[in-house]
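Each remark here refers to the structure printed beneath this line.
The values are calculated or read from the model by the stated rules, or taken from the named source; none is laboratory data. Please read these numbers as outputs of a predicted model, since none were measured by experiment. Backbone-built Cβ (ideal geometry, glycine too); neighbour counts: all protein chains shown. These accessible areas exclude ligands, DNA and RNA; they are computed on the full protein's heavy atoms, side chains included. Shrake-Rupley method; radii C 1.70, N 1.55, O 1.52, S 1.80 Å.
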Amino acid sequence: MSLLLFIEQTLNGLQFGVMLFLMAAGLTLVFGVMGLINLAHGSLYMIGAFAAAAVAGATGSFLLALVASFVCAAFAGVLIEFFVIRRLYDRDHLDQVLATFALILIFSEATRWVFGSFPLFLDKPDWLSGTVMLPFGIEYSLYRLAIIGVGLVVAVGLFWMISKTRIGIRIRAGENDREMIGALGVNISLLYTFVFALGAALAGLAGALVGAIQSVQVGMGEPVLILAFVVIVIGGIGSIKGALIGAILVGLTDTLGRSMLPSFFGLFLEPSSAMSLGASLSSMSIYLLMIGVLLFRPKGLFGGV
Amino acid sequence: MKLKSLIIAASLAASTATIAQAEGVKVGMITTLSGGGAGLGIDVRDGFMLAIAQSGRDDIEVVIEDDQRKPDVAVQLADRMIQSEQVDVMTGIIWSNLAMAVIPSALAQGQFYLSPNAGPSALAGADCHENYFNVAWQNDNLHEAAGAYSNDAGYANIFILAPNYPAGTDALTGFKRMYEGELAGEVYTQLGQTDYAAEIAQIRASGADSVFFFLPGGMGISFLKQYADSGVDLPVVGPAFSFDQGILQAVGAAALGVHNTSQWSKDIENETNAAFVESFQAEYGRLPSLYASQGFDTANLLISALEVADVDDADAFRAALEAANFDSTRGDFAFASNHHPIQDIYVREVIQEGDVFTNKIIGTALTDHSNAYVDQCSM
């Protein structure tokens, strides 16, 4: 494998990781701060993508579509939190899983009812199409570069919010002791609604960004949801920093594994068995990574002690 | 979600005179109507029901169930249909892995099965069965056609990719059976994969002169959009599954000009097909896909057999099915000895008609093509 190809695959892995981070950030906040397992996070990703496709189809503006995905997913998040999730904070994790799994089914069928069973069209705007030449003669998709940029900006924004602002302090306090900060006069239920809506909005934004280069269809959120759970387990539940590092680790492992393992086995096996062994092993690679991390750090990389 | 609908295929022609059979026929359709793969099942169902309605027969009852693309659900539904609904004929399954879970045991219980889509190699070869008929294709067929077309187009160093599951392996096997040039690379992707940046980078680095891919459903949409944006501009060829009517609108201009192979297209010139396309559009307000044509043909095959034989007389009914005496949307249609179609497979190009993306035939890849498993089938 040439160096250029390796650098290009690393960029691909980074882009994939940054996209996973947008999903995982919301999930880890909700899980860490509110102690809630939200399986319906993938549905919010789908809602973002569908909202973006609908708005882009109606107005032709990609920026409006992104705004719509953010707003619609946040709004859906507020509704879910208010009507369903609020009743689940004190319940067992199993009850939360059951209720949010039901939400997946409800959202999937409702989306199918509104938009039909066929995938929707959503394309990147002209000003982000095509490729750019990076140093060393690497030709890379401008849109993927933009996703990396957006993801990193969001990551910096979240770090700043969590560590420097009043609301960030409250979120961290709520994570440690929710009764105490309630007793100090913070409106804890409003805070929870905000955290949930923020996570939902990020998932919706991820759905819209990714929808432009993938297919916008019912059920698109669930495969990503599974990866996002892997990310937060690796990174440590509740940690934004862990989510970022975990997401990039998973993105790099998956992408580099897919591209390099088959050629690695090709060095000492015949092509067809190298191909099938490489393909099988690379689909396991991120789970092997998860096992490896958990063996040495059972609470994840940044999961505290 | 458990969409349980008992649709009595009724036209109002019900009446007085003698009906061909004393009692009605019950058809059990298990297909995918919810979740990500629902578009295919809905097209098969709509095509099938259109043919039943047009036949004017009110003695055919169709029980439709949704398998959610899950093998375990499909198996449960099949057991219920056979044991408590007591259907006479079964049909509808889209996916090969579901087909392998349901069909062999249904056949063992004496059912007739007419496949409107899935055509796994096992059921065409060693595990073929006298009561199993595939009206669509054997899984390898369209890929073989793509291989033959690649030779004609002068591709000599092609990069091929497919998902790592049985139909994906069948696809690359079928392609290589016909293709005579060199392989620049061969990659199995993960089933359900959505990001193809790594594979596209490999294509770019491989020095290939063309690309063949089999990525059905949403996987194909993702691949085509990302490929169009990658700056790699090698010609692409693939089977129709990534270019059917339901998917093309979601891919948009990224698919324009791509060549794909199909046993059906809306511009095949024959009366049946013209009438089918027009009536499907009038009934459902969208253009039919190849899946819809397969559902339509399956129902017409069934009806043609019911015209001449009673379903309870298994030998006569089987002979009537084997005769395939119906007007197919594909024109000429016959069964090979292993009950899979012998048919022409065309090369289509993706074009834009007004606002709608669709396909037009630009040539024939294979004429009167059967399948590679005929000899392995002894029945």
Which of the numbered conditions does A:Ile213 fail, given that it passes all the others? Conditions: (1) assigned to a loop (DSSP other than H, G, I, E, B); (2) away from chain B (no Cβ under 14 Å); (3) within 23 Å of A:Ala56 (Cα to Cα). (2)
Answer with yes or no whether A:Leu191 is farther than 28 Å from A:Leu64 by Cβ and touching a strand residue (DSSP E or B) at 6+ places or on another chain (Cβ under 6 Å). no
Does A:Phe265 qualify as being within 14 Å of chain B (Cβ to nearest Cβ) and open to solvent by 10 Å² or more (accessible area, probe 1.4 Å)? yes
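On the given criteria, is B:Ala148 out of contact with any helix residue (DSSP H, G or I) (no Cβ under 8 Å at 6 or more places or on another chain), modelled with pLDDT of 90 or more and not assigned by TED's automatic domain parsing to the domain that holds B:Asn300?
No, not satisfied.
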Any hit, segment A:24-41, residues being within 14 Å of chain B (Cβ to nearest Cβ) and modelled with pLDDT of 90 or more: no
Which members of segment A:8-31 meet the condition of being open to solvent by less than 10 Å² (accessible area, probe 1.4 Å) and within 17 Å of A:Met260 (Cα to Cα)? A:Gln9, A:Asn12, A:Gly13
Any idea which residue in segment A:1-10 is nearest to the chain's Cα centre (by Cα), counting only those that are facing chain B (nearest Cβ under 8 Å) and more than 10 Å from B:Ala205 (Cα to Cα)? A:Gln9
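Quick one: which helices (runs of 4 or more DSSP H) lie wholly within segment B:236-335 and hold at least 2 residues that are open to solvent by less than 20 Å² (accessible area, probe 1.4 Å) and under 22 Å from B:Thr367 (Cα atoms)?
Numbers: elements: B:245-251, B:271-284, B:290-308, B:314-323.
Of the helices (runs of 4 or more DSSP H) lying wholly inside segment B:236-335, those with at least 2 residues that are open to solvent by less than 20 Å² (accessible area, probe 1.4 Å) and under 22 Å from B:Thr367 (Cα atoms) span B:290-308.
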Which condition number does A:Glu270 fail, the rest of (1) modelled with pLDDT of 90 or more; (2) more than 30 Å from B:Gly35 (Cβ to Cβ); (3) acidic (Asp, Glu) being met? (1)
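Okay, residues lined up against (1) hydrophobic (A, V, I, L, M, F, W, C); (2) touching a strand residue (DSSP E or B) at 6+ places or on another chain (Cβ under 6 Å):
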{"site": "B:Phe276", "(1), (2)": "yes, no"}
{"site": "B:Phe280", "(1), (2)": "yes, no"}
{"site": "B:Ser289", "(1), (2)": "no, no"}
{"site": "B:Phe296", "(1), (2)": "yes, no"}
{"site": "B:Ala334", "(1), (2)": "yes, yes"}
{"site": "B:Gln376", "(1), (2)": "no, no"}
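Tell me which residues, restricted to segment B:191-230, are at the interface with chain A (Cβ under 7 Å from one of its Cβ atoms), under 23 Å from A:Gln217 (Cβ atoms) and either of a type in the set (A, V, I, L, M, F, W, C) or under 22 Å from the mean Cα position of the chain (by Cα) (or both).
Going through segment B:191-230, the residues at the interface with chain A (Cβ under 7 Å from one of its Cβ atoms) turn out to be B:192, B:194-195, B:197-198, B:201-202, B:205, B:218, B:221-222, B:225-226, B:229-230.
Then drop every residue that is not under 23 Å from A:Gln217 (Cβ atoms), which leaves B:192, B:194-195, B:197-198, B:218, B:221-222, B:225-226, B:229-230.
Passing the criteria: B:Gly192, B:Ala197, B:Ala198, B:Gly218, B:Ile221, B:Ser222.
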Which residues, taken from segment B:155-181, are under 17 Å from B:Val236 (Cβ atoms) and either touching a helix residue (DSSP H, G or I) at 6+ places or on another chain (Cβ under 6 Å) or assigned to a strand (DSSP E or B) (or both)? B:Asn157, B:Ile158, B:Phe159, B:Ile160, B:Leu161, B:Ala162, B:Pro163, B:Ala171, B:Phe175, B:Tyr179
Taking A:Leu225 and the conditions (1) open to solvent by less than 40 Å² (accessible area, probe 1.4 Å); (2) at pLDDT below 90, which numbered condition does it fall short on, given that it satisfies the others? (2)
Index of the failed condition, A:Gly60 passing every other in (1) surrounded by 24 or more Cβ atoms within 10 Å (Cβ to Cβ); (2) within 14 Å of chain B (Cβ to nearest Cβ); (3) over 17 Å from the mean Cα position of the chain (by Cα); (4) small (Gly, Ala, Ser): (1)
Within the bounds of segment B:341-354, is there any residue that is without any contact (Cβ under 8 Å) to a residue 60 or more places away in the chain and open to solvent by less than 30 Å² (accessible area, probe 1.4 Å)? no
